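Bear in mind these aren't lab numbers, they're just calculated from the coordinates by the rules spelled out. Predicted model, so just to flag it, every value in this text is computed and none were measured. Note: ideal-geometry Cβ built from the backbone for every residue, glycine included; neighbour counts use all protein chains shown.
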């Protein structure tokens with residue numbers, strides 16, 4: 001059906017489609033189609049909605065954060081987008097559940113705590129001090145408004161508060177600690193005899209019937225995977241930026257349009273003393289104002305502002321620092337606070353200033369005058385920014401044009417290549433496991449093997465490799481998955497059958513000797529008789545790197561020897577070798593070997609681990625007792 005619409009989306013048929021589409025537009029309004037109306041709800045948690053725009057913003061910021069953290073190592077194809085979207089959605093649901101639980105517990109985060117947390121984020125600091133300009137610049141880059149970011153920090157602190165309260169509530173008993181140490185640091189004395197499968201390889205070749213039977217039963221081991229070769233067009237922003245050469249007039253207009261980026265507003269370093277209002281009504285407010293006036297009188301009489309702030313201020317975020325709030329620029333604080341601060345001279349202390357938090361005494365300790373960089377001073381930076389901006393604009397314009405042309409001419413990439421001046425590249429043979437052999441990685445492979453591209457023969461949609469690199473592709477050649485002919489894999493099967501037979505013979509030989517060990521003969525006697533090398537007794541811990549993991553796992557599952565007796569058993573190794581194990585004795589770990597500091601560290605570590613388990617149980621309980629609804633039609637986009 002899709003192909004039919006593509007083929008006939010020309011002439012009179014296209015006008016019929018437009019006419020049909022216009023009917024729902026007239027009935028419901030075009031805003032429903034464009035998303036201007038009510039936003040789709042992705043999930044609802046106890047009646048509290050996560051809407052599409054909120055999810056998309058969170059998801060794209062998460063991807064941007066990943067890109068920032070990984071730097072040059074970031075590749076879009078490293079991550080399965082559907083899985084990543086599902087993880088982000090589940091994380092949002094989890095956070096919403098915890099926030100709701102915090103609200104029911106009556107937990108709150110004050111504005112001063114939010115400010116303190118933001119001021120402590122290194123990316124917002126210059127020379128160790130909070131820098132308002134850096135703060136605004138980074139928020140602009142991340143696409144946050146200040147209010148949005150502050151609310152996110154508030155929610156993060158609230159979630160952290162709940163997490164810490166639950167995680168830190170667990171204790172480790174002495175019995176649990178003893179058992180943990182006993183098992184974790186347990187050591188076992190082992191000696192063993194190795195029967196290499198290679199020693200049991202025979203010259204007798206497998207019969208033709210055995211070869212055919214193995215081939216018939218294990219054809220999946222000898223499959224050539226389904227393969228395609230694709231033609232593709234790449235669009236890179238870097239190619240476009242090289243062609244952007246603005247003249248002086250364009251640069252000056254660009255400068256005028258972005259003047260705020262080159263203006264540093266006046267900044268003032270402020271200290272304050274906060275006196276909160278205890279109770280309600282005029283009497284409580286007057287009492288707080290009088291306390292503030294008495295504090296101001298002490299300052300006027302010569303006492304240090306910082307000393308009085310440490311003694312009286314009820315702002316937990318700044319009192320210990322003598323009331324220091326760092327540098328503040330217009331618009332960052334409460335309107336009344338802001339107005340008073342920027343009306344003060346350096347060193348001057350304000351009258352009591354009323355805000356929602358109480359009464360403040362404000363002092364300006366340092367002033368940074370505002371400045372504006374001239375056009376000439378930033379011309380080189382403007383050139384780079386203009387080129388980047390124009391290349392980005394062209395990239396999105398070209399991307400839209402590429403999508404249109406690929407759709408309008410679904411059976412060829414040549415019209416798009418000619419129109420946009422791009423070259424068609426043809427790949428080598430690609431299986432579903434060959435994501436590293438093509439730009440676009442897993443996304444390109446998924447698209448190449450999709451029904452629309454592979455079966456219907458259409459061009460793909462736009463594949464985003466990175467935000468500045470995209471592609472479209474079409475299948476050039478296709479080969480179905482098929483079993484390699486028996487003649488091609490005959491020698492491989494003969495080798496496999498020989499290895500399997502050798503492993504069986506090695507195990508049979510070892511197992512035949514096991515009763516003799518249990519009847520009192522020693523490994524040394526058997527090793528001499530079989531001309532094999534014995535690994536002599538030594539004590540090993542659970543994670544001993546000298547032991548094969550298969551031997552170590554089996555050794556620590558064997559029963560503890562009674563008295564001076566030795567316990568014997570055997571285990572097959574993944575490579576076909578077989579081992580006879582002698583377990584001589586067991587030494588349990590003990591807390592007696594630990595000093596007090598190490599003991600307390602272990603206790604704290606295990607309490608945290610137990611606390612994390614308790615927190616996961618707490619979150620699961622919230623899910624089980626809450627109404628969490630994932631909107632099915634929308635969820636299909638994200639699952």
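Note on the range 56-167: semi-axes of the ellipsoid equivalent to its C-alpha gyration tensor, largest first and rounded to whole Å, are 25, 23, 12. On a per residue basis, the convex hull of the C-alpha atoms belonging to the range 266-369 measures out at 87 Å³.
Quick one: Cα convex hull volume of the range 320-462, Å³ per residue? Spell out each step's value before the answer.
Details: hull volume 39.6 nm³, N = 143.
Output value, Cα hull per residue: 277 Å³.
The angle between the Cα long axis of helix 208-217 and the longest principal axis of the Cα atoms of the chain comes to about 20 degrees, rounded to the nearest 10. Global size of the range 440-529: 27.9, 75 Å for Rg and Dmax (C-alpha atoms, Rg to one decimal, Dmax whole). In terms of other Cβ atoms within 10 Å, 175, 360, 60 run from fewest to most in the order 175, 60, 360.
Relative to the longest principal axis of the Cα atoms of the chain, the long axis of helix 486-518 lies at roughly 80 degrees. For the range 523-621, the Kirkwood estimate of the hydrodynamic radius, built from every pair of different alpha carbons, is 17.2 Å. With semi-axes defined as the square roots of five times the eigenvalues of the C-alpha gyration tensor, the equivalent ellipsoid of the range 189-235 measures 42, 24, 10 Å, largest first. Compared with the dominant principal axis of the Cα atoms in the chain, helix 282-300 is inclined by about 90°.
The tail of the calculated P(r) for the chain, taken as Cα-Cα distances beyond 42 Å, holds 57 percent of the pairs.
Computed over every Cα-Cα pair of the range 128-280 and binned at 10 Å starting from 0, the pair-distance distribution P(r) comes out as 6, 10, 14, 12, 13, 17, 14, 10, 4, 1 percent.
Given a cut-off of 16 Å, what percent of all Cα-Cα pairs of the range 277-334 lie beyond it? Cα-Cα pairs in the range 277-334 separated by more than 16 Å: 57 percent. Both the radius of gyration and Dmax for the range 134-175 are 17.1, 54 Å, in that order, over alpha-carbon atoms. Averaging Cα coordinates gives a centre for the range 569-594 and one for the range 260-333; these two points are 67 Å apart.
Between the C-alpha center of the range 120-170 and that of the range 339-368 there is a gap of 25 Å.
Estimated from helical segments only, the mean residue ellipticity of the chain at 222 nm is -16000 deg cm²/dmol, where each DSSP H run of four or more residues counts as -39500 (n - 2.57).
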